[in-house]
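Let me begin by presenting the structure, written as structure tokens, before commenting on it.
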Amino acid sequence: MLNIENENDMKRKHYKLYLDKIKSFIKDISDAIKGTEADYTSISLRKALILLSIPMVLEMSMESIFTIVDIYFVSKLGSDATSIVGLTESLLTLVYAFGIGFAISATAMVSRRIGEKKPRRAANAAFQAMLVAGVVAILISLTGIIFSDSLLRLMGASDTAISNHGGYTKLMLGGNLTIMFLFILNGIFRGAGDAAIALRVLCISNLINIVLDPLLIFGIGPFPELGVAGAAVATNIGRGTGVLIQLYTLFAGSSRIRLYLKDLKPDFKQIVSFIKLSSAGISQLIIGQTSWVVMVRIISEFGSLAVAGYTIGIRIIIFALLPSSGLSNAAATLVGQNLGANKPKQAEKSVWSTGIANAIFLGIIGLILIIWTEPVIRLLVQQPDVVGKSVECLRIVSIGFIAYGFGMVLVNSLNGAGDTITPMIINIFCFWLFEIPLAYLLAIKFGMKERGVYYAIVIAETAMTITAMIFFIRGKWKLKKI
């Protein structure tokens, strides 16, 4: 009888322990979404990853929804309209390179200062980053407004497509300030450990875009019928609103990092330091992004239908990859803050744990996309010829998802440590010297057409992951001073 009571008592204790763990996990999720004042360098790695990664994963998913929504509505206007959106997105990858490059450096500098418990120096670094980003965005806007048609023609767009839908490109490039600031302000908040703010801002921005897109594209009710250009107007309004909320939060909100009016002055020493740190980060992204532009240029040799298929397929791929980018951003923040707190072993442990989790997550997503490729594609487009081309793109590129997942974490962690040179070298080798020649050979010389480009992407991204792992294991990133 006594043994039975003891056994029941043990079961109750195990049951209570199990419930407590579930309650703790639910509370961590709730805190992650609402925001928390936790010190990520002093709490458990599991808790830190939950608090940082959940809002960052959701944030990156929200970012990808902008293009998914645009493609969904624009695809109803035909393959020419869809191809213009795809070609414009390829051009915007250069804007993203600057925005993300600046954000990487802002995250590294802010997270290091926060780890050192120096919030005012973090705020100073944040403003200098915003100043540099603003100047670059204005220069890109002027270039985009003047030369957008020529850029589309260079990318292989037909004169008819440019004449009918070129306004979309002009508005998106001209309004790149909203993209640039959305990225860099989110990078600042991420570096401070305030990822929940970035998530809330993108939710609001996306809601505005989702509502305005059909109204402005098709001219519903009192709204003008702007066609493809309506998607650009809706996206810029949504992103612009998000930027205004970010700025308000940075100056008057309750975030971990706060700017005051007396902080609004140039600090040329900090600006030079930021530009030096950003230059390698931007270079690595431009190298990677220009390789995507060349990929599209090769695909355009096979017609608008091939480009439309690529556009749909790659949008779904980006949507699938961006949550994993959120996990890798969490690892970058943990690396920066732990190095600032002089805890390099904890920084390294966070990278391996996040990398394994990310590889498993993306492996599952990749398997789903390989098995149910066509039903996923048909969520965005119904034209049989476009569906067939999109299925081919999505199914092949998804093969490399496990490698992508681990590689993202490794590269972002090197950036988070302030070692932006190493990823730049990796990108030069894997993309310019390997991926582009391989894609050309497979697609043009070996007659595989667009399928050759997709296989080249998988092989090059896998090579990048292996190379990044070699550099990470060497450990020189732990000694980087910023």
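Hey, any hits in segment 215-224 for a residue that's surrounded by fewer than 20 Cβ atoms within 10 Å (Cβ to Cβ) and either of a type in the set (Asp, Glu) or assigned to a helix (DSSP H, G or I) (or both)? First the steps, then the outcome.
Initial filter on segment 215-224 (surrounded by fewer than 20 Cβ atoms within 10 Å (Cβ to Cβ)): 215, 218-224.
Next, only the ones that are either of a type in the set (Asp, Glu) or assigned to a helix (DSSP H, G or I) (or both) stay: 215, 218.
There is at least one residue in segment 215-224 that is surrounded by fewer than 20 Cβ atoms within 10 Å (Cβ to Cβ) and either of a type in the set (Asp, Glu) or assigned to a helix (DSSP H, G or I) (or both).
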Identify, from the list Ala157, Ala161, Ala196, the residue that is surrounded by fewer than 24 Cβ atoms within 10 Å (Cβ to Cβ) and either more than 20 Å from Tyr248 (Cα to Cα) or over 23 Å from the mean Cα position of the chain (by Cα) (or both).
Ala161
Within segment 240-271, how many residues are under 19 Å from Gly193 (Cα atoms), assigned to a helix (DSSP H, G or I) and without any contact (Cβ under 8 Å) to a residue 12 or more places away in the chain?
3
Do you know which of the residues in segment 381-395 that are of a type in the set (A, V, I, L, M, F, W, C) and over 21 Å from the mean Cα position of the chain (by Cα) is modelled with the highest pLDDT?
Val391
Flag if Lys276 is on the phi < 0 side of the Ramachandran plot, surrounded by fewer than 21 Cβ atoms within 10 Å (Cβ to Cβ) and not in a helix (DSSP H, G or I)
no
So which of Ile179, Ile237, Ile204, Ile208 is part of a helix (DSSP H, G or I), under 29 Å from Val335 (Cα atoms), of a type in the set (Val, Ile, Thr) and modelled with pLDDT of 85 or more?
Ile179
Among Thr82, Thr169, Thr88, Thr107, which is crowded, with 24+ Cβ neighbours inside 10 Å, in contact with a Lys or Arg (Cβ under 7 Å, 6 or more places away or on another chain) and either assigned to a helix (DSSP H, G or I) or modelled with pLDDT under 90 (or both)?
Thr107
Out of Gly187, Gly144, I need the residue that is closer than 30 Å to Arg112 by Cβ, part of a helix (DSSP H, G or I) and of a type in the set (Gly, Ala, Ser). Which one?
Gly187
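Counting only residues that are charged (D, E, K, R), buried (at least 16 other Cβ atoms within 10 Å of the Cβ) and not in a loop (DSSP other than H, G, I, E, B), how many does segment 440-450 have?
The total comes to 1.
The values are calculated or read from the model by the stated rules, or taken from the named source; none is laboratory data. Predicted, not measured: the structure shown is a model, and the values here were computed from it. In this analysis, Cβ positions are derived from the backbone assuming ideal geometry, glycine residues included, and neighbour counts consider all displayed protein chains.
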